[in-house]
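Working notes for the structure below.
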């Protein structure tokens, strides 16, 4: 299916502010970018690079005052995500080198402290996809989707203690629980067609059966129609804007839309 996603946001800086943005999708196995536009008002020069996780990033220095960033992309994506209940866990010695990083605990995913909780949740499910799906379903059924509960410092243990959070919090819990069972897991941020309310979205992927599979604990069933913007260990790696100025950058008036295109 073809999706057209747009994101328009206004940012304000008291002084010139260097930033790194992750707002543009790139081609990959799961998606093909057919058309794209990227605008800055006022215009400033920017430079693209690919980070260590394979994400397309833009480096630029925002001028003092307000800047509007507008991104639009038409992308061919899968209408349905792959599911494989029979896929087993990949033995550690057979994991590809690039997946090993996603076994380690990280800032928002303290997996080294969550093994006992994970074993209780999977409750005898066979190692692999079935365990991850059990984790996804448990998060969906036992955590409340609620704004205002979490902050920029909330990690997976905090979310479990609160019993609530938003999409990034749900993803962190899923990732941490998977890693505690020696299943590589990573965060994904991007767009989901039909998401209500519409916003940039986060979910997670787990490496089982020799490939990555998508899991989204905010949804009650597998859903395709996803445009990926970035992958990482947790939210620290996939911020849509990272600012490095002397004064905080203010982000306001962000508008996001995703529509299915006729072909």
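The values are calculated or read from the model by the stated rules, or taken from the named source; none is laboratory data. This one's a predicted model, so the numbers in the text were calculated from it and none came from an experiment. Because the Cβ atoms are built from the backbone with ideal geometry, glycine has one as well, and the counts that use them run over all protein chains shown.
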So which residues in the stretch 146-183 are within 16 Å of the chain's Cα centre (by Cα), in contact (Cβ under 8 Å) with a residue 40 or more places away in the chain and either within 20 Å of residue 198 (Cβ to Cβ) or surrounded by fewer than 24 Cβ atoms within 10 Å (Cβ to Cβ) (or both), if there are any at all? 154, 155, 167, 168, 170, 171
Across the stretch 146-170, what is the number of residues that are touching a helix residue (DSSP H, G or I) at 6+ places or on another chain (Cβ under 8 Å) and either closer than 17 Å to residue 22 by Cβ or in a strand (DSSP E or B) (or both)? 2
Return only the number of the condition from (1) part of a helix (DSSP H, G or I); (2) over 16 Å from residue 207 (Cβ atoms); (3) in contact with a helix residue (DSSP H, G or I) (Cβ under 8 Å, 6 or more places away or on another chain) that residue 125 does not satisfy. (1)
Top-ranked residue of the stretch 64-89 - restricted to ones that are surrounded by 16 or more Cβ atoms within 10 Å (Cβ to Cβ) and in contact with a helix residue (DSSP H, G or I) (Cβ under 8 Å, 6 or more places away or on another chain), ranked as nearest to residue 175 (Cα to Cα): 89
For the stretch 98-109: of the residues being in contact with a helix residue (DSSP H, G or I) (Cβ under 6 Å, 6 or more places away or on another chain) and closer than 21 Å to residue 152 by Cα, which is surrounded by the fewest Cβ atoms within 10 Å (Cβ to Cβ)? 107
Would you be able to say whether some residue in the stretch 26-48 is touching a helix residue (DSSP H, G or I) at 6+ places or on another chain (Cβ under 9 Å) and within 29 Å of residue 181 (Cβ to Cβ)? no
In the stretch 152-193, how many residues are at pLDDT 95 or above and farther than 20 Å from residue 132 by Cα? 9
Residues of the stretch 192-245 being out of contact with any strand residue (DSSP E or B) (no Cβ under 7 Å at 6 or more places or on another chain), outside any loop (DSSP other than H, G, I, E, B) and surrounded by 17 or more Cβ atoms within 10 Å (Cβ to Cβ), which ones? 207, 237
Would a scan of the stretch 25-35 turn up a residue that is more than 19 Å from residue 230 (Cβ to Cβ) and surrounded by fewer than 17 Cβ atoms within 10 Å (Cβ to Cβ)? yes
Among the residues of the stretch 117-135, are any surrounded by fewer than 18 Cβ atoms within 10 Å (Cβ to Cβ) and either under 18 Å from the mean Cα position of the chain (by Cα) or within 27 Å of residue 239 (Cα to Cα) (or both)? no
Filtering the stretch 88-109 down to residues that are farther than 20 Å from residue 231 by Cβ and not in a strand (DSSP E or B) yields 89, 91, 92, 93, 94
I'd like to verify a number: residues in the stretch 246-263 that are surrounded by fewer than 16 Cβ atoms within 10 Å (Cβ to Cβ) and assigned to a loop (DSSP other than H, G, I, E, B), how many? 6
